[in-house]
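Visitor: I'd like to ask some things about the structure below.
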Amino acid sequence: RFSLSGCRRSSKSIMAERVPTGFCPPSAAFFGHMGAALALGLANVGSAYGTAKAGVALAHLGIQQPARVMRGLVPVVMAGILGIYGLIVAVIIVSGITKEYSAYKGFLHLGAGLAAGMASMAAGYAIGMVGDSCCFAYAKTDKVFVAMILMLIFSEALGLYGLIVALLMNSTAAKGEIPCFES
């Protein structure tokens, strides 16, 4: 017969070892997952808007100046990169969510997701507007190409700033270990 008598511990000794501190509510993981969802969702909204807005102008460029289409594709590619920023942040946030997850980490991850997502959404809006205007102008003259690239670089930088802030917030969350249980 199999017996657990040698493995048993009293419930009082188990409770004495693992006393919750109150810093790790079940809702903490919800906020962390919301940060990941918002990073990915908002970044892709910005990416989609920028791609759609610049893509329409690119189609017009293809009708007027078919030889310039490949150079006019730059705004669409730069808008697509914004979605990757959101994906990177979402994967990093989700990989940091563990069984013992504090509210501190949950709120930091929510903030990181919002920073990356909203910055990428704003960048997508800017890239879409610049790409739209500049592709129409590029159909008329090729002198605006360098100015278009410079404006797109500064627009893309907005999303990159959000990515950097999100990474810094995530590293802060990884450093700040708040115990879920008293030992």
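The values are calculated or read from the model by the stated rules, or taken from the named source; none is laboratory data. Please read these numbers as outputs of a predicted model, since none were measured by experiment. Cβ placement follows ideal geometry from the backbone for every residue including glycine, while neighbour counts extend to all protein chains displayed. Surface areas here come from the heavy atoms of the whole protein model, side chains and all, with no ligands, DNA or RNA. Shrake-Rupley method; radii C 1.70, N 1.55, O 1.52, S 1.80 Å.
Visitor: Among the listed residues Ala36, Ala52, identify the single one that is touching a residue at least 12 places away in the same chain (Cβ under 8 Å), of a type in the set (Gly, Ala, Ser) and open to solvent by 40 Å² or more (accessible area, probe 1.4 Å).
Guide: Of Ala36, Ala52, the one residue that is touching a residue at least 12 places away in the same chain (Cβ under 8 Å), of a type in the set (Gly, Ala, Ser) and open to solvent by 40 Å² or more (accessible area, probe 1.4 Å) is Ala52.
Visitor: On to the next question. Return the residue satisfying two criteria in turn: it lies in region 108-129 and is touching an Asp or Glu at 6+ places or on another chain (Cβ under 9 Å) and open to solvent by less than 20 Å² (accessible area, probe 1.4 Å), and of such residues it is nearest to Met70 (Cα to Cα).
Guide: The residue in question is Ile127.
Visitor: Follow-up question, since we're still on this one. If we keep just the residues of region 56-74 that are open to solvent by less than 60 Å² (accessible area, probe 1.4 Å) and touching an Asp or Glu at 6+ places or on another chain (Cβ under 8 Å), which is nearest to Ser171 (Cα to Cα)?
Guide: Applying the filter and picking the extreme gives Ala57.
Visitor: Taking Gly176 and the conditions (1) open to solvent by less than 50 Å² (accessible area, probe 1.4 Å); (2) modelled with pLDDT of 95 or more; (3) over 15 Å from Ala36 (Cα atoms), which numbered condition does it fall short on, given that it satisfies the others?
Guide: (2)
Visitor: Could you look through region 130-145, keep only residues that are open to solvent by less than 30 Å² (accessible area, probe 1.4 Å) and more than 31 Å from the chain's Cα centre (by Cα), and pick out the one that is nearest to Leu61 (Cα to Cα)?
Guide: Filtering first and then ranking leaves Ala139.
Visitor: If Ala16 passes every condition in (1) surrounded by fewer than 18 Cβ atoms within 10 Å (Cβ to Cβ); (2) under 30 Å from Glu177 (Cα atoms); (3) modelled with pLDDT of 95 or more but one, which one does it miss?
Guide: (3)
Visitor: Determine if region 151-158 includes at least one residue that is over 30 Å from Arg71 (Cβ atoms), among the polar types (S, T, N, Q) and over 11 Å from the mean Cα position of the chain (by Cα).
Guide: No: region 151-158 contains no residue that is over 30 Å from Arg71 (Cβ atoms), among the polar types (S, T, N, Q) and over 11 Å from the mean Cα position of the chain (by Cα).
Visitor: Give me the residue from region 90-107 that is open to solvent by 30 Å² or more (accessible area, probe 1.4 Å) and not charged (D, E, K, R) and, out of that set, nearest to Ile164 (Cα to Cα).
Guide: Top of the filtered list is Ile92.
Okay, residues lined up against (1) part of a helix (DSSP H, G or I); (2) more than 24 Å from Ala28 (Cβ to Cβ):
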position	(1), (2)
Thr98	no, no
Tyr101	no, no
Phe107	yes, no
Met121	yes, yes
Asp132	yes, yes
Ala137	yes, yes
Ser155	yes, yes
Ile164	yes, yes
Pro179	no, no
